[in-house]
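A short write-up of the structure that comes next.
The values are calculated or read from the model by the stated rules, or taken from the named source; none is laboratory data. It should be emphasised that the depicted structure is a prediction, and the values quoted were computed from it without experimental measurement. Positions of Cβ are generated from backbone atoms using ideal geometry, with glycine treated the same way; all protein chains shown enter the neighbour counts.
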Amino acid sequence: FLQYHMIDVLNKNLKDDFAVQKYCFGNIDIIRKKKVVLFGAGKVGRDYYSQISRYHDCEIVAWVDNYFNKYSYDCCKVESVQSLLELEFDYIIIAVLSENVAIEIKQNLMEQNISCEKILWEKPQLVY
């Protein structure tokens, strides 16, 4: 309980959006030595970016969001979903907390002729 609240206080007071990681992508082995796209630039997306970028054998080729104009980070650029059409990648990781939102995103991606085997979502794991 105390640890949870300490991390929340740190997140609210630190100016660095990537300072304290709360969520992690559990199946990291599947994306090792792969090119990945992160879909979602909110809290889960920031935490996934922080986690995955520490693995030197995982390449984040893009970070996309439906509301990409809403996000501005010093270390990286969030792009529009349309940029996927110009990219080569092995997987798209949907970085959202809600399963219903993830299903909707996956359906939209599949409508753009992206194979469902390339789209990954799992319930984000709490770090603490």
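The table below lists the values:
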item: The stretch 50-70, residues that are assigned to a loop (DSSP other than H, G, I, E, B) and of a type in the set (Asp, Glu); result: Asp57, Asp65
item: The lone exception for Gly40 - which of (1) under 27 Å from Gln112 (Cα atoms); (2) surrounded by 11 or more Cβ atoms within 10 Å (Cβ to Cβ); (3) at pLDDT below 95 it fails; result: (3)
item: Among the residues listed as Asp8, Asp17, the single one being surrounded by 12 or more Cβ atoms within 10 Å (Cβ to Cβ), touching a Lys or Arg at 6+ places or on another chain (Cβ under 6 Å) and either of a type in the set (Lys, Arg) or at pLDDT below 90 (or both); result: Asp17
